[in-house]
Amino acid sequence: MSCYYLFLSYQSANQIIYRKYLPDNVALIDSGVETAKEAYIALRKQRLNLPKLNPIRNQFFITVPNILLKKVELQPYGWFTYAYKYGRTEKVKKAYIKYVPFDTNNIVHATYERFKKVLPDVYNRLHQVINGLTK
């Protein structure tokens with residue numbers, strides 16, 4: 001299920017909120033992809049992206065809600081509620097999130113398809129790691 005679909009389907013008091021305000025063809029900009037592009041360009045300019053003689057093993061991690069935290073508030077599909085995500089107190093030392101390896105359980109298929117389309121090299125490496133094709 002895409003984030004855009006979830007956004008369009010968001011309900012409050014059994015009423016869909018945003019759909020009436022958005023046209024049918026909305027282009028969403030993924031800030032993560034744009035940041036990755038900028039980082040890649042910066043690395044190229046400094047020649048820091050040159051291949052190494054002994055390539056390192058790829059590892060991919062994502063942050064997920066720490067469901068062991070007693071007061072965590074999640075939506076039915078596992079994401080933080082808006083109020084919990086943006087209403088937390090700064091500088092409180094709680095482990096709201098956990099860093100876990102990418103896998104097919106913690107990332108929706110649509111995200112992998114987006115990686116495949118916009119970051120094919122990263123997708124290929126990620127696919128190898130997830131399927132145990134690398135050592």
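Applied to the stretch 115-126, the Karplus parametrisation 6.51 cos²θ - 1.76 cosθ + 1.60 on θ = phi - 60° returns per-residue 3J(HN,Hα) values of 4, 4, 7, 9, 9, x, 5, 5, 4, 4, 5, 4 Hz, with x for Gly and Pro. Please go through the residue pairs K85/K117; K20/K117; K45/K94 and name each one whose alpha carbons sit more than 32 Å apart in this structure. The answer is K45/K94. For the stretch 106-111, the Karplus equation 6.51 cos²θ - 1.76 cosθ + 1.60, evaluated at θ = phi - 60°, returns couplings of 9, 9, 5, 4, 4, 5 Hz by residue, with Gly and Pro reported as x. Descending by average beta-carbon neighbour count within 10 Å, the peptides 110-116, 71-77 line up as 110-116, 71-77, the highest first.
Remark: the stretch 1-50 carries a charge dipole of roughly 200 debye about the Cα centre, counting +1 on each Lys and Arg Cβ and -1 on each Asp and Glu Cβ.
One entry in [x] 31, 21, 16; [y] 25, 17, 14; [z] 30, 18, 13 is semi-axes √(5λ) of the Cα gyration tensor in Å calculated from the shown coordinates; its label is [x]. Helices in the chain, meaning DSSP H runs of at least 4 residues, each add -39500 (n - 2.57). Divided by all residues, the mean residue ellipticity at 222 nm is -10500 deg cm²/dmol. Given their separation in residues at 0.36 nm each and the Cα-Cα distance between them, V92 and K71 gain 6.2 nm when the chain is fully extended.
Put simply, the amide H of I62, placed in the peptide plane, has neighbours under 5 Å in V100, F102, leaving out anything fewer than 5 places away on its chain. Packing, as the average of other Cβ atoms within 10 Å across residues, places the peptides 119-125, 34-40 in the order 119-125, 34-40, highest first. Working note: Karplus 6.51/-1.76/1.60 with θ = phi - 60° gives the stretch 70-76 the couplings 4, 9, 5, 10, 10, 7, x Hz, where Gly and Pro are set to x.
Read-outs throughout are calculated quantities, based only on the coordinates presented, and are distinct from any laboratory measurement. This structure is a prediction, so every number in the text was calculated from the model and none was measured. As a convention, Cβ positions derive from the backbone with ideal geometry for all residues, glycine included, and neighbour counts pool all protein chains shown.
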